[in-house]
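Worksheet for the structure shown next.
The values are calculated or read from the model by the stated rules, or taken from the named source; none is laboratory data. Owing to the predicted nature of the structure, the values given are computational and were not obtained by experimental measurement. For neighbour counting, all protein chains shown are included, and Cβ atoms are generated from backbone atoms with ideal geometry for every residue, glycine included. Keep in mind that these areas ignore ligands, DNA and RNA; they rest on the heavy atoms of the full protein, side chains included. Shrake-Rupley method; radii C 1.70, N 1.55, O 1.52, S 1.80 Å.
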Amino acid sequence: MTLPFPAPTVPAADRAEVLLRYLDYFRENLLAKVSALPEEELRRSRLPSGWTPLELLKHLRYVELRWIEWGFQGRTVAEPWGDRRGDRWYVAPEETRDDLVAALRAQGGHTSAVVTASDLDAVGRPGPRWEGADPPPLERVLLHLLQEYARHLGHLDVVAELAGGPVGE
């Protein structure tokens, strides 16, 4: 499923709705691109840095977990860096595209629920995510998530094109 681009001319109830529309748009486009790739391309890297489409998918699930649950909500998260092994992103051989897609969609649902129930000016809870700094307000956390998704979707655009997958928006 892909969503239409959240055009600035489409009315929105508030800033939170606008930010969630963009976040949903980027997330769903990333999922559509990964879902359209042939199976043999999912664990293959086409870049010198070595990351794979499945690693990127898992990474973004953990990005949302780290910024919303571990950060803003201040929850205890057993493995906040569970998308890594050493200094690299990592996907175990038994992890599948379907599992990782479902995990990212579930994490996105959690993010939407938190944002909908919170004020954008609400400040996150103190915790290890902030490494001793004062926690930021939710709006700043969402802006960080948006840039992370937009940047990585651009990376995936290039990889998908090199892999013979979908091209363009």
*asked:* Could you list, ordered by first residue, the pairs with Cβ atoms under 7 Å in which the first is in the range 1-25 and within 15 Å of Leu120 (Cα to Cα) and β-branched (Val, Ile, Thr) and the second is open to solvent by 60 Å² or more (accessible area, probe 1.4 Å) and part of a loop (DSSP other than H, G, I, E, B), at least 6 apart or interchain?
replied: none
_Conditions (1) small (Gly, Ala, Ser); (2) more than 18 Å from the chain's Cα centre (by Cα); (3) farther than 25 Å from Ala78 by Cβ; (4) at pLDDT 95 or above: number failed by Ser118_ = (3)
*Of Gly165, Gly108, which residue is crowded, with 16+ Cβ neighbours inside 10 Å and more than 15 Å from the chain's Cα centre (by Cα)?*
Gly165
_If the requirement is being crowded, with 16+ Cβ neighbours inside 10 Å and not acidic (Asp, Glu), which of these qualifies: Arg151, Arg129?_
Arg129
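The rows are residues; the columns are (1) of a type in the set (S, T, N, Q); (2) over 20 Å from Ala78 (Cβ atoms).
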{"site": "Leu104", "(1), (2)": "no, no"}
{"site": "Gln107", "(1), (2)": "yes, no"}
{"site": "Pro135", "(1), (2)": "no, yes"}
{"site": "Glu139", "(1), (2)": "no, yes"}
{"site": "Gly154", "(1), (2)": "no, yes"}
{"site": "Glu161", "(1), (2)": "no, yes"}
